[in-house]
Amino acid sequence: MSPPPSAAPAGVSVGAWLHDCALARADALALLRELAGVSHAGLLANPERLLEPDALHRLGEAAARLRAGEPLAYVLGWREFWGLRLRVGPQVLVPRPETELLVEFALEKLAAHAAADVLDLGTGSGAVAIAVAHERMHARVQAVDRSAAALQLASDNARRLLSPRRAGGALRWHLGDWLQALARADEDFDLILSNPPYVGEHDVHLQALRFEPRLALVGARAAADGLGEIRELVAQAAPRLRDGAWLALEHGHDQGAAVRALLQAGGLVEVHSRRDLAGIERISAGRRAGGPRAA
Ligand code: GLN
């Protein structure tokens, strides 16, 4: 589709770019939409439309990054999670669709109009904390991360995505190691959520995940079984649950039994796992006995 050498430079059409870009079609369509303003419908209606030189340049740079293996979310600078457009960058894990299971779990446990203290451990881009705060106006949501750069991004996301008039006030952000990041050692919660680092330190998938922060994937307590951070998290979080309160966390596809055992060892009851759309045990949860209602 390139012009014959003798012709005056005729530019590159949208259709030609799509044909020649060597990207997965969905990625190519996303780049055209976001970087060149060409919708899928527009492409189908007029594949001969020429790309502006600026747009062509942006597309070329973005396509090269994707071909080098960088996630689309970093190339675009955003990823949608729970219908919210979160800014993301290499300082945070790209929010995954399966992590929405954690939000679903939280919304089941949080009554729509009741105040509740919720904690998100390892918030990254803020995905879980912001989604819960978005859906539950009266929840007082706090979030912890070990990375200052992640917290900066998360708080920017919250400012953009949440109404300043939320009944529960602004989210609160804490830098540090799980619950030790909180100012008060006796503060307890109605719900604690986490998508912690859980990838084993020698896991072969780390190569494919190389653009994402190792701190978010493997954590600061690297372990061959990937459970180094989860062990510590459960140990710190279980004693900080109010009566009847739930702790729910995401984990790897083969970690369900081990995480249930850790939750039980932490004294929690009604310990169970939930599967994601691919049928994989993806989150496990348990609650502290007592409280106003059981599940
Ligand atoms: N779900 C991610 C992956 O394996 C890992 C996320 C995490 O460690 N929390 O691709």
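Readers should treat all values here as calculations from the given coordinates under stated rules, not as data from a laboratory. Only a predicted model underlies this, so the values are computations on that prediction, with no experimental measurement involved. FYI the Cβ positions are ideal-geometry reconstructions off the backbone, even for glycines, and counts take in every protein chain you see.
Numbers for the structure displayed
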read-out	value
C-alpha center-to-center spacing [region 61-92, region 176-225] in angstrom	21 Å
Cα centre as origin, Lys/Arg/Asp/Glu Cβ charges: the chain dipole, Debye	560 debye
Nearest-20 debye value, region 63-195 charge dipole, Cβ charges on Lys, Arg, Asp, Glu	660 debye
By average C-beta atoms within 10 angstrom, highest first, the peptides 168-174, 122-128	122-128, 168-174
Shape call, region 81-124: gyration tensor on alpha carbons, a/c limit 1.5	prolate
Over region 59-162: Kirkwood hydrodynamic radius from C-alpha pairwise inverse distances, Å	14.3 Å
Sequence ranges 38-44, 27-33, ranked by mean other-Cβ count within 10 angstrom, highest first	27-33, 38-44
Extension gain, residue 264 back to residue 159 (0.36 nm per residue minus Cα-Cα distance, nm)	34.1 nm
Neighbour-count order for 17, 78, fewest beta carbons within 10 angstrom listed first	78, 17
In order through region 254-261: 3J(HN,Hα) via Karplus (6.51 cos²θ - 1.76 cosθ + 1.60), integer Hz, x for Gly, Pro	10, 9, x, 5, 5, 6, 4, 5
Antiparallel DSSP beta bridges within region 46-195, as percent of all bridges there, nearest 5	20 percent
Hz values of 3J(HN,Hα) by residue in region 39-54 - Karplus curve (6.51, -1.76, 1.60), Gly and Pro given as x	6, 4, 4, x, 5, 5, 6, 8, x, 7, 4, 7, 7, 5, x, 4
Mean-position separation - Cα centroids, region 112-150 and region 37-51, in angstrom	40 Å
For the chain, with +1 on Lys and Arg beta carbons and -1 on Asp and Glu, the positive-most of 249, 89, 289 along the dipole	289
Cβ charges +1 (Lys, Arg) and -1 (Asp, Glu), total dipole of region 182-295, debye	180 debye
Beta bridges per DSSP with both ends in the chain, % antiparallel, nearest 5	45 percent
Cβ-based charge dipole, region 97-167, positive-most Cα from 139, 164, 102	164
Local electrostatic count at residue 214 - Lys and Arg +1, Asp and Glu -1, tallied over other residues with Cβ under 15 Å	-2
Gain on full stretching of the segment that runs from residue 107 to residue 224 - 0.36 nm per residue minus C-alpha separation	38.8 nm
Length-normalised contact order for the chain - Cα pairs under 8 Å, 6+ apart - percent	13 percent
5 angstrom amide H check on residue 245, placed H, neighbours 5+ away	288
Efficiency of FRET from Cβ geometry, residue 25 and residue 243, R₀ 35 Å, rounded to 0.05	0.10
Residues with amide H under 5 Å from that of residue 78, placed H, sequence gap 5 or more	88
The chain: most fluctuating residue of 183, 36, 149 per GNM, C-alpha cutoff 10 Å	183
Peptide ranges 57-69, 136-148, 200-212 listed from the most packed, as the mean C-beta count within 10 angstrom indicates	136-148, 57-69, 200-212
